[in-house]
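*Asks:* Pasting a structure here, questions to come.
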């Protein structure tokens, strides 16, 4: 069972995913949980501190865990990428998930122009994901499993941008099929990288 602080974090994360950061009243969320406003402010002096903690403790670990298997792989790089892409696919398994979109993408579109603390944290998450992908691609090239005629930095940015953009387009069009097409194309890209 989660402690009070963790409960506050997780319930507010769910509310932010549904309503956006600016659309959430953290005191209302905790009141619905039966937790006092005083407890909220004991752990998080203000809403921005709560938002930062959500990124640092929920969003970042989740998204960085996605590409970690590729970064640490020693062989079978294409298969690892397919598995990562399938994990992303599972994020839009229901209509509600399509409608709500990707929490990372949503926050990235909403908050960096409004708050430097959010911008820095979201930059750290996305740049680290790009580095994880790039590291895996370089290792795949060095192992001989992938061709040498592509730039791992550029391709890593392409994977990341395609996935996060795919979430946005799928959300706008309210279509799981749109995201499926993105995943399918990225799998074809991966096939084309093989030696």
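*Asks:* If packing is taken as the average number of other Cβ atoms within 10 Å across a peptide's residues, how do 9-21, 84-96 rank, most packed first?
*Replies:* In descending order of packing, they fall as 9-21, 84-96.
*Asks:* State the three equivalent ellipsoid semi-axes of region 1-45, derived from the C-alpha gyration tensor as the square roots of 5 times its eigenvalues, in descending order and whole Å.
*Replies:* The answer is 16, 12, 9 Å, longest axis first.
*Asks:* State, to one decimal in nm, how far the label point of residue 187 lies from the label point of residue 19, with both points 7 Å from Cα in the Cβ direction.
*Replies:* Modelled inter-label distance: 3.8 nm.
*Asks:* Separate question: Cα axis of helix 176-193 to longest principal axis of the chain: angle in degrees, 0 to 90, nearest 10?
*Replies:* 40 degrees
*Asks:* Between the helical axis of 116-143 and the dominant principal axis of the chain, each derived from Cα atoms, what acute angle in degrees is found, rounded to the nearest 10?
*Replies:* 20 degrees
*Asks:* Once both axes come from the Cα atoms, what is the angle between helix 77-90 and the longest principal axis of the chain, in degrees from 0 to 90, rounded to 10?
*Replies:* Between helix and principal axis, roughly 30 degrees.
*Asks:* If I take all pairs of Cα atoms in region 58-193, what percentage of them are more than 26 Å from each other?
*Replies:* The answer is 23 percent, as a whole percent.
Rule-based calculations on the coordinates, nothing more; no lab input. Keep in mind it's a predicted model, so treat the numbers as computed, not measured. Cβ coordinates were reconstructed from backbone atoms using ideal geometry, including for glycine residues, and neighbour counts include every protein chain displayed.
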